[in-house]
Each structure stands twice: as C-alpha cells, then as structure tokens.
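Input: a single structure, listed below in structure tokens.
None of the figures in this text is laboratory data; all of them are computed from the coordinates on show. What you are looking at is a predicted structure, and each value in this text was computed from that prediction instead of being measured. Backbone-built Cβ (ideal geometry, glycine too); neighbour counts: all protein chains shown.
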Amino acid sequence: MANELAISVSGLKKTYTSKANGPKDAVAGIDLEVSRGEIFAILGPNGAGKTTTVEILEGYRDRDGGEVKVLGQDPAKLGKDSWAWRNRIGIVLQSTNDAQDLSVSETVKHFANYYSNPRDPESVIRDVGLDEKREARINTLSGGQRRRLDVALGIIGNPEILFLDEPTTGFDPEARRAFWDLIRNLRDEGTTILLTTHYLDEAEALADRVAVIVDGKIVEISTPENLGGRNTAKARVSWLENGQKQEIESDFPAAEVTKLVAKFGGEVPELTVIRPSLEDIYLKMIGQP
Amino acid sequence: MRPGIIKVGFLRGGLEIKQFMRQRESVVFTLLFPVMLLFIFGSVFKGDLAPGVTFSQYFVAGMIASGLVNTGFQQLAIMIPIERDFGTLKRLRGTPVSPISYFIGKAILVFVAMVVQVGALMGFGAALFGLDLPNTTERWIRFGWLILLGSICSTILGIAFSAVPKNGRGASAVVSPIVIILQFFSGVFFVFSTLPQWMQQFAALFPLKWLTQGMRSVFLPESFAAEEVAKSWEIPQIAIILIIWTVVGTFLALKTFKWSDK
C-alpha cells in the first residue's frame, strides 16, 4: 500500500462547553501517527480525553480544530461514500447493552450481512472464544463474554483498523490475558489496532507504542520499554549509616554498591537498589505523587 | 460491492420481528390490548348506531386505525430513544448500514405486528360480537393498502418523532398523551360526526382521522357513508393525506434521525 499510515492526527482540538464550568478543552492539541499493522495504545486516567479522541477518529464526533486522516479519509467529511469507509473499520465501543433477546450466533451472522467482505461468522465466534455460548441469548452472557461478542461484531467485517475503547474494563485477570491473546492474533493477521486503556499493564503487554494522554494533551509517545525514559532512568541506592537513611541516584548502581561493601567491610545495613517501575513513571507523568 | 440497502432492510426486519416475538410482554400487550378494549366497549355499548351498524362494528374500525398509530408511531417513538440509550443505534452507526435499511426494518416490524393484531381483533370480534368482516373484494383490497400505507406512514412519523424525547425513560410521557388526545379527536372512541366541529377540523390535520375513516369504509355498510361529515368516505383524500404525511415524515426522519444522544 502506498500510504503506510493507518491514522494520522495533528493539532486535534475539541472543546465542550458546560453551563456550570464554561468551556473546557477535552482534547487540547493532539498529534499522533499510527502505522499499518501496529497496536497503538492511548493510555491515560479517566477523563483525560481518550474516548473523545477515539470517537472523533471513528466519525462519531466532530472536532473544533486540527487534521485527522483515518485510512486516508477525514472521518468528519465522509459524504456519500461513508459506507465504504465504515466497511473497512471495526469499532468496539465502551459499554453497550443491545440485542439482549438474540443469540450470539444470530447476532454475529446478522452483522456479517452489513459488510461487503465479511469474515466467516462461525470462525469469528470460535476466535473470540464464544463457541460454547453460540446459541446462548446475549442477556445471559457474563461481562467478559459480552465484551468478546463486542469484539466479534467489531471484526466481523474484516476491518483494516480496529478501534477498541477500554476493552477489558471489569475483566478478571484470566479473561484479560485471553483477551490480549485475541488482540495479538488480530495484529498478527495484519489488523491495525488502536486501543484506549487506563490500565498500565494492558498497554505494556499489548502495545507496540503507547501515547500517554493527560488533560487532553499527549505527554509522551514511546514504546512501553522506553516510556518515561525508564530504560535510562537512574537507579536509587539506599542504606543505613549512623542511624540515618542515606540515598543516592546513580547510573552505575553496582559500582556504588561495591564502594559501600568496601566501606562497611561486608554487609551494608538495609541496602536496597531500586529502578523506577513503569507504574512509578506513569504516575509521575499523570501528576500523581 | 455494497450489500443492497433494501436487502439489508429486509434482513433487519426479520431480526426486529425475532426480537419482538421474544419479548413476551410486548407480544401479549400488542395483541391483547385492542381485543380487551373491544371486549370492554363491546360489552358496555350494546346498541346500534344505525340500522345494522352495531357500536362494536364502528369501534373495530377505530381500533384498527389506532392500532396502526400505537404499533407504529407510539411504539417506535418510545422504542428508538431506548435503543439510543442501550447503544444499539450507536453500534449500527459504526457499521456500513444505511439509515434507510434501519427504517425499512422498522416498517416491516410494524406491518407484520399490525397484520397479526388485526387478525386477532377480527377473529375475536367475529366470534364474540358478531363483527361483519369486509364483504367485497374491493373492500379487502382497500383494507390491504390502508394497512400497508398506514403502517409505513405511522412508522416514518414514529422515527421522525423519536428525535424529540431526550431519553428512553421520558419517552412514554412525551408520546402517549399525544396519541390519546388524537384518538379522542379522531373518532376512535366516539362517533366522529358527533364531535364538536373544531375538534373535527383539528383532527383532520393528522393521519389518524383519515385512517379511522378509511377503516369505516371497509367495515361499515355503504349506506353509512351518508353519516360521515363529508357525506362520503373520501377515499382519494385519505390516500393523498397519508402519502403527504409519509413524504413529509421521511424528509423529517432523514433530517432529524439521531443515532446517539450526542
């Protein structure tokens, strides 16, 4: 494909005006690019502007400024051929509660009729792990199963881009891991995936790249390994000396420890060496102590 | 190749009917409520309105016409805001489905529910209240197009009006009073020609009065036409009014239809 970018966004702005608080920038100038075949995570606390951003990309909301291209088209200016664009994208919204009285297979099969080149409904049901529930009514599914159905409906049209908005909120740990495998498989089949999450471990486990968003602004875009300079961050060495806690930051913690061992002639009281965890870095980024 | 808009509309219709049939309360209510009303009114008003025209006979015409309004306009203007709340519409918006396919699906649901409801009402009426069924082919044909055109008109107006209620919880409170007032004004519960003139003229602006009159032309003897305000059934006018409302409703529905509340 000539255009290797699945999504490009520059200077995206969206302002909401409420009677109580006046205008507020939900999205205050965002730039990002997502390549084809990439899993890109937008990570941030609740209310940071993740859903607003994604819903602008999905064509649900208009914007107040900036440029947006999704599969080479501006979602706000689709015009008559909007169906052709929607035919190429898959959307998994936040909580949905529809089609209660239908069965899983009825629903998935029905949605396949909407697309020009759908996947096989049976294999989609199998892929999302709902094979045993295929004849079950949707109102009998658990939260995690329901979310798997949402994904089935998101991918039934064989999309080039899949949008996932907080896909695993409310999952138990086992269900989350199974869900992550499903998403990785989709990426391996060539689907570009844009997901929002407020779970750090989810971004770390899944994403090729992560954008951290706070108050409508991107704080950093990086791979999970390099986020916040974690790979180059100084280690913190601390110990007890003369009844006082001592602490230094160093790029070479082993050398510091060697010096301390020589000084104490053996064991160093209450010695610890800590590298900041991804969580420490993330909390710092979003402004939490 | 894009899947056909009409084909997807019919598939949606099948799905809507399936969902409707699985909600037992709504099925029972839709089918039995008109029958219950007929039973109550038929038991209270025993007399004849004119030689050979019982009140039940007159009332059935009104019941079928208002069934069209209840099943189409009222049901959809309440159901669509609920579907918005549940995210049904938002999900559809994210697929290649055309709003027209969605509209067609709703119209099919309304039409099928109407046919079943009318069948129940006529069967019950004929068995218990000596209801006379339409007695000429011409009347059956007229009955057919009235149900079809009435269903489509009522559906599209229900979709157009669904933009008015803010959410599903408040929808019934907004929609139901309008329907009940129209029913009183349009000669469903009372003989239309005995209503005050201003009420008649007001009702004549809306489709229900014309549907009711059309149903009378199907169920009452030809001689009763002389009892109408216009001394005739006014069949061409009925068709024209319904078509105008359908066209206006389609325009409004396409303009105002909201997939979500944002």
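Show me the helices of chain A, taken as full DSSP H stretches, that run 15 Å or more along their long axis by Cα and average 0.5 or above in Kyte-Doolittle hydropathy.
TM-like helix candidates: A:253-264.
For region B:140-165 and region B:180-201, what is the separation of their C-alpha centers, rounded to whole Å?
Using only Cα atoms to place each centre, the spacing works out to 20 Å.
Please identify, among B:164, B:60, B:69, the residue showing maximal mean-square fluctuation in a Gaussian network model of chain B using a 10 angstrom Cα cutoff.
Most flexible of the set in this elastic network: B:164.
If each DSSP helix of 4+ residues adds -39,500 (n - 2.57) and the sum is divided by the residues in chain A, what number results at 222 nm, nearest 500 deg cm²/dmol?
Counting only the DSSP helices, I get -8500 deg cm²/dmol.
Which value in nm describes the separation of the simple spin-label points at residue A:245 and residue B:2, placed 7 Å from the Cα toward the beta carbon?
6.6
Could the peptides A:148-158, A:235-245 be put in order, highest first, of the mean number of other beta-carbon atoms found within 10 Å of their residues?
Highest to lowest by the protection proxy: A:148-158, A:235-245.
Ignore the peptide's own chain and count Cβ atoms of other chains within 10 Å of each Cβ in A:55-63; give me the average, rounded.
2
With a cut-off of 8 Å between alpha carbons and a minimum separation of six or more residues, what is the relative contact order of region A:22-179 in percent?
The value is 24 percent.
Among B:190, A:250, A:79, which residue has its Cα furthest toward the positive end of the charge dipole of the protein assembly as shown, with +1 on Lys/Arg Cβ and -1 on Asp/Glu Cβ?
Of the candidates, B:190 comes out farthest on the positive side.
Simple spin-label model, 7 Å along Cα-to-Cβ: residue A:221 to residue B:139 in nm?
Distance between the two pseudo-spin positions: 7.4 nm.
From Cα pairs below 8 angstrom and at least 6 apart in sequence, can you work out the relative contact order of chain A, rounded to a whole percent?
21
So for chain B, averaging the separation of alpha carbon pairs under 8 Å that are six or more residues apart and normalising by length, what relative contact order in percent results?
29
Give me a single rounded figure for A:103-114: the average over its residues of other chain Cβ atoms within 10 Å of their Cβ.
Numbers: counts 2, 0, 0, 3, 1, 0, 1, 6, 5, 1, 10, 11.
Taking the mean over all residues of the peptide, I get 3.
What is the order of B:88, B:137, A:258, fewest Cβ neighbours within 10 Å to most?
Ordered by Cβ neighbours within 10 Å, fewest first: B:137, A:258, B:88.
Averaged over peptide B:88-100, how many Cβ atoms belonging to another chain are found within 10 Å of each residue's Cβ?
Mean shielding count: 6.
Report the antiparallel proportion of the DSSP beta bridges in chain A as a percent, rounded to a multiple of 5.
65
To the nearest 0.05, how large is the calculated FRET efficiency for residue B:222 and residue B:10 if R₀ is 41 Å and r is the Cβ-Cβ distance?
Efficiency for this residue pair is about 0.60.
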